[in-house]
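This report refers to the structure that appears directly beneath it.
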Amino acid sequence: MTVSIVRATCPHDCPDTCAMLVTVQDGVATQVRGDPEHPTTAGALCTKVSRYTERTYHKDRVLHPMKRIGKKGEGKFQRIGWDEALDTISTRLKAIAARDPQAILPYSYAGTMGLVQGESMAARFFHKLGASLLERTICASAGGAGYIYTIGARIGTDVEQFQNARLILIWGGNPVASNLHFWMRAQEAKRRGARLIAIDPYRSLTAEKCHQHIALLPGSDAALALGLMHVLIAEKLIDEEYVAQHTLGFDQLKERVKEWTPQRTAQACGITAAEVEQLAREYGTTAQRGEAVAIRLNYGVQRVHGGGMAVRNIACLPALVGAWRHAAGGVQLSASDSFPKNSRVLQRPDLMPAQRPRTINMSTIGSDLLRAAAPDFGPQIEALIVYNANPVAVAPESAKVAQGFAREDLFTVVLEHFQTDTADYADIVLPATTQLEHVDIHATYGHLYMMANNAAIAPLGEAKPNTEIFRQLAHRMGFDDPCFRESDDDIAAQAFNRANERAIHFDWDALKRKGWQKLNMPDAPFANGGFPTPSGKCEFYCERMLRDGLDPLPTYIPPHESVASNPELAKTYPLAMISPPARNFLNSTFVNVESLRDTEGEPHLDIHPVDAVERGIEDGNRVRIHNARGSFLATARVTDRARQGLVVGLSIWWKKFAADGKNANEVTSQRLTDMGNAPTFYDVLVQVEKA
Ligand SMILES: Nc1nc2c(c(=O)[nH]1)N[C@H]1C(S)=C(S)[C@@H](COP(=O)(O)OP(=O)(O)OC[C@H]3O[C@@H](n4cnc5c(=O)[nH]c(N)nc54)[C@H](O)[C@@H]3O)O[C@H]1N2
Ligand SMILES: Nc1nc2c(c(=O)[nH]1)N[C@H]1C(S)=C(S)[C@@H](COP(=O)(O)OP(=O)(O)OC[C@H]3O[C@@H](n4cnc5c(=O)[nH]c(N)nc54)[C@H](O)[C@@H]3O)O[C@H]1N2
Ligand SMILES: [Mo]
């Protein structure tokens with residue numbers, strides 16, 4: 001018997017990007033565990049990923065190419081060979097491209113976050129083809145835009161510093177479920193005497209473990225930040241020196257927040273004025289005592305109409321109180337711009353035709369698949385190549401998405417591990433390898449280590465890495481640039497820019513052996529200012545926003561759908577609904593792993609006792625959640641975890657595991673955010689009734 005330990009990296013869309021050790025016995029991966037030596041992983045994996053072998057060797061893995069023999073959506077397929085599959089695809093793509101390659105659309109997101117199996121060979125292929133470009137907005141682009149206007153880049157407090165903070169605001173995130181290795185640091189801070197405050201409309205697994213929970217209305221965070229700035233400035237709880245040296249537009253900000261009294265703020269947020277004052281005072285006085293105040297800001301705040309502005313307003317707070325002076329102070333939304341990725345080399349946008357192809361927003365895929373050719377749109381979408389994504393389950397306004405995917409004249413190819421809701425609509429399904437079966441290299445969005453993934457086992461069945469599938473398609477299309485012959489190792493070796501001092505020590509061979517390597521970054525990124533904005537300052541006033549048609553100062557943009565902002569709609573649909581991640585799923589990944597699905601049970605809807613009684617709903621009743629866009633079924637959990645007026649359906653269920661074949665995205669809308677063109681998953685009004 002031969003046993004080896006292979007260094008790998010968790011590929012999933014999560015800030016933690018853990019270092020894994022895979023035990024391999026005679027070519028079979030028998031165990032996956034967290035690397036005890038990696039500083040943020042610290043030997044611990046989440047429940048989901050510690051089941052990675054159960055997922056990899058799952059009996060339902062797609063292990064050979066297949067073509068559809070039933071109706072679209074029905075899920076009936078027949079095995080075919082790779083040659084037939086790739087010939088069918090290349091013949092069809094050539095025919096469409098001869099008319100207009102923009103009628104072909106790649107659709108991908110972060111099924112794997114790997115820089116190789118994500119957008120390297122695939123992007124080169126579609127760029128060379130001249131296919132439509134995909135605007136990748138489904139998750140984080142609103143908050144990213146708001147943060148970049150204010151701070152300059154997605155760089156913030158290092159997760160390894162949080163244990164030294166005195167006060168931590170956990171704002172719009174549920175790290176117990178979705179950012180476990182930050183939560184471990186927050187717990188350590190708590191043991192050292194820090195206070196933790198959760199800001200979340202829902203008493204999440206995290207909120208219940210914090211010292212305090214502020215349960216504001218969804219979509220009102222921008223108002224809360226304005227109210228905090230009002231109190232901080234009025235009560236002189238600011239760091240005047242830091243503000244004078246390292247910020248832009250303080251006087252205008254001061255004028256702007258005058259109207260945001262605690263009373264007005266409290267009304268907009270559905271909380272008390274005392275809560276606003278107390279939070280501002282605690283944040284301001286802790287900072288004035290010279291102690292570190294930190295904010296873990298997360299994407300839960302930005303899935304609403306004013307989501308970009310909410311992130312922007314919150315990102316102003318640390319500069320106002322000088323929190324950036326401490327390594328353990330400041331704010332972390334994302335670390336992703338810390339990494340000097342060589343995107344131009346990985347993705348080769350220079351291969352695109354001189355006339356840049358049109359761009360399709362992935363968040364409006366439902367409507368866009370249903371559009372005819374038009375001057376302001378371009379050609380009808382005739383072919384869709386899906387990889388690393390499950391749009392039929394995860395994209396908003398799902399009835400339209402499913403209707404679009406069901407179009408008989410649409411040619412759809414899905415590269416997958418499993419027969420997902422999306423794969424059910426494919427003409428051709430291609431078997432992709434998992435992280436244990438291929439090579440990759442990772443940047444992260446939650447810590448500062450470059451990460452290597454070695455292949456632990458040979459591909460199962462006839463599965464191939466995404467890169468190899470696109471390499472072979474490129475060959476069939478006659479694309480002969482040398483970049484289409486590069487191996488996965490060749491690509492990985494170019495992933496980071498060594499000319500940048502942060503990655504000066506990057507060496508792929510060494511990284512593969514060691515598994516991980518920290519970037520060269522200062523502990524406190526903005527202790528002496530140096531913000532990567534045009535002014536070099538934290539921009540309370542932002543000229544670029546003015547140019548982009550936005551208010552250049554922090555403001556409040558109410559939800560598209562809420563009782564206050566749309567009282568007419570609220571007469572019929574009075575309840576706000578959010579659908580944040582369930583702990584045992586990773587978006588829609590892992591829903592088909594039995595042990596994890598069993599833990600989640602079935603689709604639930606958390607509803608406040610007062611709202612339940614009004615509707616004659618009892619705990620355990622089956623309920624129908626509906627609005628003008630659609631409906632879905634869930635089992636009611638009557639609980640005050642959901643504040644009154646709010647219902648919560650933890651997600652993202654595969655539709656095929658639900659009694660009615662539907663999930664929460666039946667009722668979400670394709671309306672977009674104020675900036676970043678992102679979806680508004682948590683900006684939804686519904687009605688609920690006993691089914
Ligand atoms: N277990 C698990 N982990 C995951 C994921 C998963 O699906 N499962 N998904 C991964 C991905 S892709 C992402 S983007 C991240 C997402 O993780 P987070 O950034 O933490 O964001 P969400 O899970 O969207 O929402 C987190 C919290 O925000 C709250 N929330 C909803 N609306 C509002 C609001 O308007 N204001 C405020 N203040 N709070 C609000 C929700 O109740 C929820 O408790 O997690 C990653 N990690
Ligand atoms: N209602 C509601 N909807 C949401 C959200 C929400 O909170 N509520 N969250 C949104 C967010 S934050 C996000 S990020 C999106 C996530 O949406 P997606 O990025 O689509 O994520 P997943 O649903 O996990 O689907 C990823 C798929 O990629 C496949 N995959 C993994 N690795 C590979 C690989 O190496 N090769 C290939 N070919 N396939 C692979 C997996 O098997 C999986 O089926 O969903 C969004 N949708
Ligand atoms: Mo996400």
In the stretch 83-95, what residues are under 21 Å from ASN466 (Cβ atoms) and open to solvent by less than 60 Å² (accessible area, probe 1.4 Å)? ALA85, LEU86, THR88, ILE89, SER90, LEU93
Subset of the stretch 323-334, residues buried (at least 24 other Cβ atoms within 10 Å of the Cβ) and either part of a loop (DSSP other than H, G, I, E, B) or at positive phi (or both), comes to ALA328, GLY329, GLY330, LEU333
Restricting to the stretch 517-554, give me the number of residues that are part of a loop (DSSP other than H, G, I, E, B), without any contact (Cβ under 8 Å) to a residue 24 or more places away in the chain and of a type in the set (A, V, I, L, M). 0
Output the number of residues of the stretch 261-280 satisfying the condition of being without any contact (Cβ under 8 Å) to a residue 60 or more places away in the chain and touching a helix residue (DSSP H, G or I) at 6+ places or on another chain (Cβ under 7 Å). 11
Which pairs have Cβ atoms under 9 Å, sit 6 or more apart or on different chains, and link a residue in the stretch 12-24 that is more than 14 Å from ligand 2 (Cβ to nearest atom) to one that is assigned to a loop (DSSP other than H, G, I, E, B) and basic (Lys, Arg)? none
Please enumerate the residues belonging to the stretch 176-216 that are among the basic types (Lys, Arg) and under 23 Å from GLY156 (Cα atoms). ARG185, LYS190, ARG192, ARG195
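May I ask you to verify whether THR47 is closer than 18 Å to GLY114 by Cα, open to solvent by less than 70 Å² (accessible area, probe 1.4 Å), in contact (Cβ under 8 Å) with a residue 60 or more places away in the chain and out of contact with any His (no Cβ under 7 Å at 6 or more places or on another chain)? Walk me through how you get there before you give the answer.
Working: closer than 18 Å to GLY114 by Cα: no; open to solvent by less than 70 Å² (accessible area, probe 1.4 Å): yes; in contact (Cβ under 8 Å) with a residue 60 or more places away in the chain: yes; out of contact with any His (no Cβ under 7 Å at 6 or more places or on another chain): yes.
No.
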Take the residues in the stretch 106-146 that are of a type in the set (D, E, K, R) and open to solvent by 20 Å² or more (accessible area, probe 1.4 Å); name whichever of them is nearest to ligand 2 (Cβ to nearest atom). ARG136
Scope the stretch 574-588; condition farther than 17 Å from THR680 by Cα and either without any contact (Cβ under 8 Å) to a residue 60 or more places away in the chain or in a loop (DSSP other than H, G, I, E, B) (or both); matching residues: PRO574, ALA582, ARG583, ASN584, PHE585, SER588
Just to check your reading of the model, which residue among VAL293, VAL276 is away from ligand 3 (no atom under 16 Å from the Cβ) and within 22 Å of MET521 (Cα to Cα)? VAL293
Considering only the stretch 10-35, state which residues are surrounded by 15 or more Cβ atoms within 10 Å (Cβ to Cβ), in a strand (DSSP E or B) and β-branched (Val, Ile, Thr). VAL22, THR23, VAL24, VAL32
Filter the stretch 619-656 for residues that are out of contact with any strand residue (DSSP E or B) (no Cβ under 7 Å at 6 or more places or on another chain) and either at pLDDT below 95 or farther than 24 Å from ALA395 by Cβ (or both) and give the result. ASP640, ARG643, GLN644
Out of ASP83, ASP16, ASP60, ASP87, I need the residue that is in contact with a helix residue (DSSP H, G or I) (Cβ under 6 Å, 6 or more places away or on another chain), on the phi < 0 side of the Ramachandran plot and either at pLDDT 95 or above or charged (D, E, K, R) (or both). Which one? ASP16
Index of the failed condition, ALA198 passing every other in (1) buried (at least 24 other Cβ atoms within 10 Å of the Cβ); (2) within 19 Å of the chain's Cα centre (by Cα); (3) not in a loop (DSSP other than H, G, I, E, B): (2)
For the stretch 228-302, list the helices (runs of 4 or more DSSP H) that sit wholly inside it and hold at least 3 residues that are open to solvent by less than 20 Å² (accessible area, probe 1.4 Å); which are they? 262-269, 273-288
Hey, GLY290 hits all of (1) at positive phi; (2) within 16 Å of ligand 2 (Cβ to nearest atom) but one; which does it fall short on? (2)
Given (1) crowded, with 19+ Cβ neighbours inside 10 Å; (2) more than 16 Å from ligand 1 (Cβ to nearest atom); (3) of a type in the set (A, V, I, L, M, F, W, C), identify the lone condition not met by LEU685. (2)
Residues ASP376, ASP337: which one is part of a loop (DSSP other than H, G, I, E, B) and within 30 Å of ARG312 (Cβ to Cβ)? ASP376
Which one of these is in contact with a Cys (Cβ under 9 Å, 6 or more places away or on another chain), open to solvent by less than 60 Å² (accessible area, probe 1.4 Å) and away from ligand 3 (no atom under 16 Å from the Cβ): HIS38, HIS64? HIS38
Counting only residues that are closer than 30 Å to SER338 by Cβ and not small (Gly, Ala, Ser), give me the strands (runs of 3 or more DSSP E) lying completely in the stretch 395-455 with at least 3 of them. 440-442, 449-453
Please count how many residues of the stretch 124-144 are more than 15 Å from ligand 1 (Cβ to nearest atom) and either within 18 Å of the chain's Cα centre (by Cα) or closer than 25 Å to LEU448 by Cβ (or both). 2
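More than 16 Å from ligand 3 (Cβ to nearest atom), surrounded by 21 or more Cβ atoms within 10 Å (Cβ to Cβ) and of a type in the set (Ser, Thr, Tyr): is that true of THR444 in this structure?
Answer is no for this residue.
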From PRO396, PRO431, PRO391, residue being closer than 23 Å to ARG124 by Cα, crowded, with 23+ Cβ neighbours inside 10 Å and within 16 Å of ligand 3 (Cβ to nearest atom): PRO391
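Does ARG344 satisfy being free of Cβ contacts under 8 Å to residues at least 24 places away in the same chain and either within 23 Å of the chain's Cα centre (by Cα) or assigned to a helix (DSSP H, G or I) (or both)?
Answer is yes for this residue.
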Boolean, ASN520 is open to solvent by 40 Å² or more (accessible area, probe 1.4 Å) and within 15 Å of ligand 2 (Cβ to nearest atom): no
State yes or no: is ASN584 closer than 28 Å to ASN179 by Cα and either of a type in the set (Phe, Trp, Tyr) or surrounded by fewer than 21 Cβ atoms within 10 Å (Cβ to Cβ) (or both)? no
Yes or no: CYS316 under 31 Å from the mean Cα position of the chain (by Cα), in the same structural domain as CYS538 (by TED's automatic domain parsing) and farther than 24 Å from SER204 by Cβ? yes
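The values are calculated or read from the model by the stated rules, or taken from the named source; none is laboratory data. Model, not experiment: these values are computed from the prediction. Neighbour counts run over all protein chains shown; Cβ positions are idealised from the backbone, glycine included. Side chains included, ligands, DNA and RNA excluded: accessible areas come from the protein's heavy atoms. Shrake-Rupley method; radii C 1.70, N 1.55, O 1.52, S 1.80 Å.
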